[in-house]
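Below: the structure, in structure tokens.
The values are calculated or read from the model by the stated rules, or taken from the named source; none is laboratory data. Just so we're clear, the structure is a prediction, and the values are computed from it rather than from any experiment. Here the Cβ positions follow ideal geometry from the backbone for every residue, glycine too, while neighbour counts run over all protein chains shown.
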Amino acid sequence: MNKIRRTILLTLLPILLLGCQPKEITSAKIYIQKRNWQKAIELLEQAVVTHPNNPEGHFLLGQAYGDQSRYREMKKQFGESLGISPKFQPAILQTIENHWITLYNKGIKAQNDRNFKLAENLLKTAILIDPSKREAYNTLAANYIEANQPRQALLIYEKLLKETPDDINLLIATGNLFYIQKRFDDVVRVLKKVLEIEPDHRDAMANLALSYDSLGKTDEALTAYQKAVKANPLDKDLIFLLGVHHYNRSHFTKAIELFKQVLELSPGEFESTSNIGNAYLSIAEDLRTKIKSLANSTLTAGEIQQLKTEAILTYMKVIPYFKKALEMQPHHPTLWINLGVAYVNSGENEKGQEALLKAEEWKLKLGDESNGQSTQ
């Protein structure tokens with residue numbers, strides 16, 4: 001008799017256990033298996049009203065909402081479930097992770113396809129699902145930059161900086177956005193912060209110098225360039241920028257010295273080659289202007305002749321640099337003109353006329369190409 005009773009009890013146990021589960025949840029699970037989400041949601045919404053303290057009902061309803069992309073409601077139901085019991089926490093975290101990954105990857109694909117509005121919506125939804133993951137914020141900011149919405153990107157960076165104010169990469173990105181918007185005072189402020197954290201940060205020093213130049217603070221810019229070059233003595237780009245700074249301040253001799261250092265590091269560098277020619281040409285032109293202004297001065301004929309000789313020799317120094325630059329890039333009318341001026345003023349009139357003629361030919365050719373492109 002006892003054996004029979006035990007058998008009956010064991011047989012009834014699953015039924016009793018099943019009976020502990022609300023019937024709405026039991027039925028909803030069947031519909032979930034059939035992927036009939038509408039009916040499952042209908043039953044689960046009843047379940048959480050009838051049995052508000054059942055964590056499984058809230059959990060399953062959150063899952064169903066997530067499947068239907070109703071993410072705000074999904075998050076709310078997951079929160080309700082966790083507020084009652086941590087029982088479903090691992091499954092909830094995994095569900096959130098899966099949705100985040102799906103949306104984040106779709107957002108990246110939309111961005112790569114240059115569908116910036118779709119990318120924005122997808123990435124914002126990923127952030128809604130899991131605000132703790134910074135990757136989505138950074139990608140959304142990059143999406144705004146590509147969509148030419150730097151202000152929106154800045155809002156994201158400023159939010160992230162409140163959380164991690166010493167994040168150098170984030171500070172540099174913020175500085176770059178300020179630079180794009182020509183907010184150079186803000187660039188200086190941000191990059192000074194970077195250099196407080198990492199005094200020898202190469203890009204921060206370079207961009208700080210460029211920003212000072214853009215603000216017309218030439219002395220501060222010079223100091224910043226010099227610090228950058230001192231910290232990176234073999235960085236040809238920094239040396240070049242310092243050379244341009246001196247060139248723009250009409251410190252042509254110093255500019256030439258720096259551009260020659262660039263050529264020692266990179267012999268085929270076009271910009272430095274042509275800029276040396278331009279610097280020598282500027283020196284020669286200044287000498288010619290000086291000679292004209294001294295025509296009626298107290299200088300002796302010998303002294304004036306000495307200046308003329310110096311000017312001619314300087315014009316001659318121009319020629320090899322422009323010739324080399326034009327070998328690399330022959331389609332520069334201005335370089336041909338400058339070469340012509342150098343030839344003429346150094347006494348080689350025929351070569352000068354040939355160079356000036358070449359300049360006109362390139363002007364016509366480039367003009368024709370431009371017109372042709374505009375009509376396509």
Which ones in the range 300-329 are without any contact (Cβ under 8 Å) to a residue 12 or more places away in the chain and among the acidic types (Asp, Glu)? 303, 327
Answer yes if at least one residue in the range 125-140 is more than 24 Å from the chain's Cα centre (by Cα) and either without any contact (Cβ under 8 Å) to a residue 12 or more places away in the chain or surrounded by fewer than 17 Cβ atoms within 10 Å (Cβ to Cβ) (or both), and no otherwise. yes
Does residue 108 satisfy being in contact with a helix residue (DSSP H, G or I) (Cβ under 7 Å, 6 or more places away or on another chain) and part of a helix (DSSP H, G or I)? yes
Here are some residues: 164, 125. Which one is modelled with pLDDT under 95 and touching a helix residue (DSSP H, G or I) at 6+ places or on another chain (Cβ under 7 Å)? 164
Residues satisfying the stated conditions in the range 173-192, i.e. part of a helix (DSSP H, G or I) and surrounded by fewer than 17 Cβ atoms within 10 Å (Cβ to Cβ): 180, 185, 189, 192
With the condition kept exactly as written, say whether any residue in the range 262-285 is farther than 28 Å from residue 238 by Cβ, in contact (Cβ under 8 Å) with a residue 12 or more places away in the chain and surrounded by fewer than 17 Cβ atoms within 10 Å (Cβ to Cβ). no
Every residue from the range 287-299 that is touching a residue at least 12 places away in the same chain (Cβ under 8 Å) and assigned to a helix (DSSP H, G or I): 287, 288, 290, 291
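Conditions tested, residue by residue: (1) of a type outside the set (D, E, K, R); (2) within 30 Å of residue 365 (Cβ to Cβ); (3) in contact with a Gly (Cβ under 8 Å, 6 or more places away or on another chain).
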| position | (1), (2), (3) |
| --- | --- |
| 288 | no, no, no |
| 293 | yes, no, no |
| 310 | no, no, no |
| 315 | yes, yes, no |
| 325 | yes, yes, yes |
| 330 | yes, yes, no |
From the list 267, 233, which residue is closer than 24 Å to residue 329 by Cα and either more than 23 Å from the chain's Cα centre (by Cα) or modelled with pLDDT under 95 (or both)? 267
Filter pass, residue 164 being under 24 Å from residue 249 (Cβ atoms) and β-branched (Val, Ile, Thr): no
In the range 341-376, anything outside any helix (DSSP H, G or I) and either at pLDDT below 90 or β-branched (Val, Ile, Thr) (or both) is listed as 375, 376
On the given criteria, is residue 44 over 28 Å from residue 122 (Cα atoms), modelled with pLDDT under 95 and part of a helix (DSSP H, G or I)? no
For the range 82-105, how many residues meet the condition of being touching a residue at least 12 places away in the same chain (Cβ under 8 Å) and either closer than 14 Å to residue 128 by Cα or in a helix (DSSP H, G or I) (or both)? 11
Six or more apart or on different chains, Cβ atoms under 7 Å: show the pairs whose first residue is in the range 55-81 and under 14 Å from residue 32 (Cβ atoms) and whose second is outside any helix (DSSP H, G or I) and of a type outside the set (Asp, Glu). 56/88; 57/22; 57/51; 59/88
Those residues of the range 282-313 that are of a type in the set (A, V, I, L, M) and in contact with a Lys or Arg (Cβ under 9 Å, 6 or more places away or on another chain) come to a total of 6
